[in-house]
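> One structure follows; several queries about it will come next.
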Amino acid sequence: MTTDVHYPLDDGEGEANPYLNISPDYFYKDVPKCVLFGPKFCLNMPKTFIIREKVRMNRDNCFKVYDQHNQEFFKVSNPMKTMRGKHVITDINGEDLVKLKKKLLSLHPTWHLNSGPKLESRLGTLVFEFTMLKKKAHVYKYTHPYPHEDDDTKYDHIRASLTIKSDSSARDFKVFDAVTSEVYAEISKRASRSEADRLVEPDNYQLMVNPGVDVLFMVALTLMYEYALSDIDRRDN
(Lines give C-alpha, C1' and ligand atoms only; values in the text may rest on other atoms or scores of the structure.)
Protein backbone atom coordinates (compact mmCIF):
# COMPACT_ATOMS: atom_id res chain seq x y z
CA MET A 1 0.00 0.00 0.00
CA THR A 2 1.47 3.39 -0.95
CA THR A 3 0.67 6.81 0.46
CA ASP A 4 0.68 9.92 -1.67
CA VAL A 5 3.18 12.47 -0.44
CA HIS A 6 1.70 15.91 0.13
CA TYR A 7 3.78 19.05 -0.34
CA PRO A 8 2.11 22.34 0.67
CA LEU A 9 3.89 24.54 -1.91
CA ASP A 10 4.58 22.12 -4.76
CA ASP A 11 1.67 20.56 -6.63
CA GLY A 12 3.96 18.86 -9.16
CA GLU A 13 2.36 20.71 -12.07
CA GLY A 14 4.64 22.28 -14.67
CA GLU A 15 8.40 22.60 -14.62
CA ALA A 16 8.89 25.90 -12.82
CA ASN A 17 8.55 26.73 -9.16
CA PRO A 18 6.44 29.93 -8.97
CA TYR A 19 7.91 30.81 -5.57
CA LEU A 20 11.61 30.18 -6.26
CA ASN A 21 13.37 32.52 -8.66
CA ILE A 22 15.63 29.94 -10.29
CA SER A 23 15.79 27.94 -13.51
CA PRO A 24 14.28 24.40 -13.45
CA ASP A 25 17.64 23.23 -14.84
CA TYR A 26 18.98 23.53 -11.31
CA PHE A 27 16.29 21.40 -9.64
CA TYR A 28 17.40 18.19 -7.96
CA LYS A 29 16.48 15.24 -10.19
CA ASP A 30 16.80 12.37 -7.69
CA VAL A 31 14.80 11.63 -4.55
CA PRO A 32 15.30 14.62 -2.23
CA LYS A 33 17.41 14.09 0.87
CA CYS A 34 15.44 16.50 3.04
CA VAL A 35 12.23 18.11 1.83
CA LEU A 36 9.24 19.78 3.45
CA PHE A 37 7.72 22.26 1.00
CA GLY A 38 8.34 20.29 -2.20
CA PRO A 39 11.04 18.82 -4.47
CA LYS A 40 11.15 22.03 -6.53
CA PHE A 41 12.78 23.72 -3.54
CA CYS A 42 15.69 21.25 -3.76
CA LEU A 43 18.65 22.13 -6.01
CA ASN A 44 21.24 19.95 -7.72
CA MET A 45 24.20 21.96 -6.40
CA PRO A 46 25.30 23.58 -3.16
CA LYS A 47 23.70 27.01 -2.87
CA THR A 48 24.81 29.86 -0.63
CA PHE A 49 22.30 32.40 0.64
CA ILE A 50 22.79 35.61 2.60
CA ILE A 51 20.06 36.30 5.15
CA ARG A 52 20.44 40.02 5.68
CA GLU A 53 18.78 42.02 8.41
CA LYS A 54 17.12 45.09 6.90
CA VAL A 55 17.40 47.62 9.75
CA ARG A 56 18.82 46.74 13.12
CA MET A 57 16.81 49.37 15.00
CA ASN A 58 13.60 47.84 13.62
CA ARG A 59 14.49 44.21 14.11
CA ASP A 60 10.92 42.99 13.67
CA ASN A 61 10.70 44.26 10.12
CA CYS A 62 13.08 41.99 9.48
CA PHE A 63 15.24 40.13 6.87
CA LYS A 64 15.75 39.69 3.15
CA VAL A 65 17.28 36.57 1.61
CA TYR A 66 19.72 36.81 -1.32
CA ASP A 67 22.07 34.42 -3.06
CA GLN A 68 25.80 35.09 -3.43
CA HIS A 69 25.08 37.03 -6.64
CA ASN A 70 22.80 39.45 -4.74
CA GLN A 71 19.65 38.04 -6.37
CA GLU A 72 16.68 38.30 -4.02
CA PHE A 73 14.83 35.08 -3.15
CA PHE A 74 12.66 35.69 -0.06
CA LYS A 75 11.56 38.41 2.35
CA VAL A 76 10.80 38.11 6.05
CA SER A 77 8.51 40.44 7.98
CA ASN A 78 6.51 40.69 11.16
CA PRO A 79 2.88 41.47 10.22
CA MET A 80 2.23 42.66 13.76
CA LYS A 81 5.30 44.64 14.78
CA THR A 82 4.34 44.70 18.43
CA MET A 83 4.48 40.90 18.59
CA ARG A 84 7.87 39.28 18.12
CA GLY A 85 6.21 35.88 18.23
CA LYS A 86 5.09 35.83 14.57
CA HIS A 87 7.13 36.25 11.40
CA VAL A 88 6.19 35.53 7.79
CA ILE A 89 8.41 34.49 4.89
CA THR A 90 7.17 35.71 1.51
CA ASP A 91 8.42 35.29 -2.04
CA ILE A 92 9.82 38.29 -3.93
CA ASN A 93 6.29 39.21 -5.08
CA GLY A 94 5.03 39.40 -1.51
CA GLU A 95 3.02 36.16 -1.47
CA ASP A 96 2.96 34.55 1.98
CA LEU A 97 4.72 31.18 2.10
CA VAL A 98 5.59 30.36 5.70
CA LYS A 99 4.65 31.63 9.14
CA LEU A 100 7.06 31.20 12.04
CA LYS A 101 5.17 31.29 15.34
CA LYS A 102 6.57 31.16 18.86
CA LYS A 103 4.89 28.99 21.48
CA LEU A 104 4.34 31.47 24.30
CA LEU A 105 4.15 29.12 27.30
CA SER A 106 6.89 26.53 27.08
CA LEU A 107 9.61 25.17 29.36
CA HIS A 108 12.03 25.14 26.42
CA PRO A 109 12.02 27.80 23.66
CA THR A 110 9.70 26.40 20.99
CA TRP A 111 8.80 27.68 17.52
CA HIS A 112 6.27 26.30 15.05
CA LEU A 113 6.51 26.38 11.27
CA ASN A 114 3.14 26.89 9.54
CA SER A 115 2.17 26.94 5.86
CA GLY A 116 -0.72 25.92 3.61
CA PRO A 117 -4.07 27.75 3.31
CA LYS A 118 -4.03 30.93 5.43
CA LEU A 119 -0.71 29.70 6.89
CA GLU A 120 -2.70 27.68 9.46
CA SER A 121 -1.23 24.19 8.95
CA ARG A 122 1.58 23.23 11.32
CA LEU A 123 4.31 21.48 9.34
CA GLY A 124 7.09 21.40 11.91
CA THR A 125 8.23 22.32 15.40
CA LEU A 126 11.66 23.41 16.65
CA VAL A 127 12.39 22.74 20.33
CA PHE A 128 15.51 24.02 22.07
CA GLU A 129 17.58 21.84 24.37
CA PHE A 130 20.13 23.23 26.81
CA THR A 131 23.55 21.64 27.32
CA MET A 132 26.66 22.83 29.14
CA LEU A 133 28.87 23.48 26.10
CA LYS A 134 26.58 23.61 23.09
CA LYS A 135 23.28 25.09 22.05
CA LYS A 136 21.05 22.52 20.39
CA ALA A 137 17.54 22.17 18.96
CA HIS A 138 15.46 19.27 17.67
CA VAL A 139 13.14 19.58 14.67
CA TYR A 140 9.94 17.54 14.41
CA LYS A 141 8.08 17.20 11.10
CA TYR A 142 4.37 16.43 10.89
CA THR A 143 2.65 14.43 8.18
CA HIS A 144 -0.45 15.24 6.18
CA PRO A 145 -3.16 15.89 7.29
CA TYR A 146 -1.26 18.51 9.27
CA PRO A 147 -2.40 19.71 12.69
CA HIS A 148 -3.93 23.19 12.90
CA GLU A 149 -1.69 25.91 14.28
CA ASP A 150 -3.93 26.29 17.35
CA ASP A 151 -3.85 22.58 18.25
CA ASP A 152 -1.96 21.47 21.35
CA THR A 153 1.76 20.96 20.80
CA LYS A 154 2.10 17.20 20.59
CA TYR A 155 5.32 15.78 19.20
CA ASP A 156 6.25 13.19 21.83
CA HIS A 157 5.02 10.46 19.46
CA ILE A 158 7.25 11.77 16.65
CA ARG A 159 10.92 11.03 16.25
CA ALA A 160 13.03 14.15 15.71
CA SER A 161 14.09 14.22 12.07
CA LEU A 162 16.67 17.00 12.23
CA THR A 163 19.07 18.44 14.78
CA ILE A 164 20.54 21.94 14.85
CA LYS A 165 23.67 22.43 16.90
CA SER A 166 26.07 25.28 17.58
CA ASP A 167 28.95 25.95 19.96
CA SER A 168 28.61 28.23 22.99
CA SER A 169 29.19 31.35 20.87
CA ALA A 170 26.28 30.42 18.55
CA ARG A 171 28.11 32.11 15.66
CA ASP A 172 28.20 28.98 13.55
CA PHE A 173 25.70 26.16 13.50
CA LYS A 174 24.71 23.17 11.36
CA VAL A 175 21.50 21.41 10.42
CA PHE A 176 21.91 17.67 10.11
CA ASP A 177 19.93 14.44 9.95
CA ALA A 178 19.07 13.26 13.46
CA VAL A 179 19.68 9.61 12.50
CA THR A 180 22.49 9.56 9.94
CA SER A 181 24.18 12.85 10.98
CA GLU A 182 24.41 13.90 7.33
CA VAL A 183 24.86 17.67 7.19
CA TYR A 184 22.10 19.43 5.23
CA ALA A 185 23.04 23.06 5.83
CA GLU A 186 25.72 25.18 7.48
CA ILE A 187 25.13 28.67 8.85
CA SER A 188 27.63 31.31 9.86
CA LYS A 189 26.65 34.52 11.62
CA ARG A 190 28.64 37.61 10.79
CA ALA A 191 29.56 39.65 13.85
CA SER A 192 29.54 43.44 13.90
CA ARG A 193 33.05 44.83 13.77
CA SER A 194 32.67 47.01 16.86
CA GLU A 195 30.16 48.13 19.46
CA ALA A 196 29.57 51.36 17.52
CA ASP A 197 28.73 49.43 14.36
CA ARG A 198 25.78 47.63 15.90
CA LEU A 199 23.30 50.45 15.21
CA VAL A 200 24.31 50.88 11.57
CA GLU A 201 25.56 47.45 10.46
CA PRO A 202 22.88 44.76 10.25
CA ASP A 203 23.32 41.10 11.13
CA ASN A 204 24.11 38.85 8.19
CA TYR A 205 23.83 35.09 8.11
CA GLN A 206 25.54 33.01 5.45
CA LEU A 207 23.53 29.85 4.78
CA MET A 208 24.99 27.09 2.63
CA VAL A 209 22.42 24.45 1.59
CA ASN A 210 23.62 21.12 0.22
CA PRO A 211 22.18 19.48 -2.93
CA GLY A 212 18.85 17.69 -2.57
CA VAL A 213 17.83 19.78 0.46
CA ASP A 214 14.76 22.05 0.64
CA VAL A 215 16.17 25.60 0.61
CA LEU A 216 13.01 27.26 1.97
CA PHE A 217 12.93 24.77 4.85
CA MET A 218 16.57 25.59 5.71
CA VAL A 219 15.89 29.35 5.57
CA ALA A 220 12.94 28.90 7.95
CA LEU A 221 14.97 26.76 10.37
CA THR A 222 17.82 29.29 10.38
CA LEU A 223 15.42 32.06 11.35
CA MET A 224 13.60 30.03 14.01
CA TYR A 225 16.91 29.02 15.57
CA GLU A 226 18.08 32.64 15.59
CA TYR A 227 14.79 33.87 17.07
CA ALA A 228 15.03 31.23 19.81
CA LEU A 229 18.62 32.30 20.59
CA SER A 230 17.46 35.92 20.80
CA ASP A 231 14.71 34.92 23.23
CA ILE A 232 17.26 33.09 25.40
CA ASP A 233 19.66 36.05 25.37
CA ARG A 234 16.90 38.47 26.43
CA ARG A 235 15.81 36.12 29.20
CA ASP A 236 19.35 35.68 30.56
CA ASN A 237 20.30 39.37 30.40
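> Using a 1.4 angstrom probe with every protein chain in place, what is the largest-first accessible-area order of 176, 63?
176, 63
> In what sequence, largest accessible area first, do 122, 159, 190 appear using a 1.4 Å probe?
Listed by decreasing accessible area, they come as 159, 190, 122.
> Multiply the residue gap between residue 86 and residue 154 by 0.36 nm, knock off their C-alpha separation, and tell me the result in nm, one decimal place.
Taking residue 86 through residue 154 to full extension adds about 22.5 nm, to one decimal.
> Between residue 15 and residue 168, what FRET efficiency comes out of the Förster formula 1/(1 + (r/R0)^6) with R0 = 45 Å and r the beta carbon distance, rounded to 0.05?
0.50
> A follow-up question, please. In what order, largest first, do 45, 218 sit by accessible area if the probe radius is 1.4 Å?
From most accessible down to least: 45, 218.
> Quick check on packing: order 137-148, 64-75 by the mean number of other C-beta atoms within 10 Å, highest mean leading.
137-148, 64-75
> So which of 86/141; 40/64; 40/154; 40/134; 75/102; 101/165 end up more than 23 Å apart by C-alpha?
40/154; 40/134
The values are calculated or read from the model by the stated rules, or taken from the named source; none is laboratory data. Quick caveat, the model's predicted, so the values are computed rather than measured. Here the Cβ is made from the backbone with ideal geometry for all residues, glycine too, and neighbour counts use every protein chain on show. Side chains included, ligands, DNA and RNA excluded: accessible areas come from the protein's heavy atoms. Shrake-Rupley method; radii C 1.70, N 1.55, O 1.52, S 1.80 Å.
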